[in-house]
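Okay, structure first, notes after.
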Amino acid sequence: MMMRNHKKVISFDLDGTLVSAKYGDMVWNHGIPEEYAKKYSISFDEAKEKVINEYKTMGDSHILWYDITYWLDRFGLSIDARELLDRYESYIVTADKIKEGLEGLKKRYNLIVASNAARIFVEKELEYTGLMPFFQNVISATTDFGIVKKGEDFYKKICLEMNVRPEEVIHIGDHPVFDYKAPLSIGIEAYLFRSHDPEFSLNHDEDIKDRVIYNLKELTEIL
């Protein structure tokens, strides 16, 4: 079995990993359309269609796509971004026994969050769940680095930020490309986390089936 006593940092994705991705979906695809519908006196369904079509004109390769304040201004909505985020906080749900798992890992490693979400979302989710104290550092690809996808450059910046080599880092996340293949490509040990998506099928990518974990207890046993 590989010796891992040289590992120093464990990096976690946030949405779909530590917490369910439902929260972000509610804010973007329900909260903003709801405000749009009220503002322009149209039905929710009509508002949602208009809002999502506007999202599509930008596309997720543009940094502004992740900026909620930009969209509120673009749609002429007067609601404050933090007020909107607070409205849907009940949808922030952590993975099963996540705190117990983080408690054990924190004794042996420096834990960080490395998320693609804007910092305003990341901090809201970590503070609401009480997870913030577990992490030495919290990094938003879009807010802190101006990077829209967690590719090789993102993970290289993570290593520089934490002053570690790639082989001293473990990354856990739910996306096969941005949370597994990208960090793996620069020498980071990576695992796919599937607590929020138990029906996930690995038939399309058999080479990673041994790198899938469903709770942090499994990760603790591996390490």
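General observations
- Residue that is farthest from the chain's Cα centre (by Cα) [pool: residues in the stretch 164-214 that are modelled with pLDDT under 80, among the hydrophobic types (A, V, I, L, M, F, W, C) and not in a helix (DSSP H, G or I)]: Leu202
- Residues in the stretch 98-117 that are within 11 Å of Asp15 (Cα to Cα) and either of a type in the set (A, V, I, L, M) or without any contact (Cβ under 8 Å) to a residue 40 or more places away in the chain (or both): Val113, Ala114, Ala117.
- Filter result for Glu221 (part of a helix (DSSP H, G or I) and either at pLDDT 85 or above or in contact with a Phe, Trp or Tyr (Cβ under 6 Å, 6 or more places away or on another chain) (or both)): no
Residues are listed down the side, and each one gets a yes or a no for (1) modelled with pLDDT under 95; (2) among the basic types (Lys, Arg); (3) closer than 23 Å to Leu216 by Cα; (4) in a helix (DSSP H, G or I):
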residue	(1), (2), (3), (4)
His30	no, no, no, yes
Glu54	no, no, no, yes
Ser61	yes, no, no, no
Thr69	no, no, no, yes
Arg82	no, yes, no, yes
Asp86	no, no, no, yes
Glu103	yes, no, yes, yes
Val122	no, no, yes, yes
Glu125	no, no, yes, yes
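- The residues of the stretch 127-145 that are aromatic (Phe, Trp, Tyr) and assigned to a helix (DSSP H, G or I), listed by number, are Tyr128, Phe134.
The values are calculated or read from the model by the stated rules, or taken from the named source; none is laboratory data. Bear in mind that the values here come from a model prediction, so they are computed numbers and not experimental data. With ideal geometry, Cβ positions are generated from the backbone for all residues, glycine too; neighbour counts draw on all protein chains shown.
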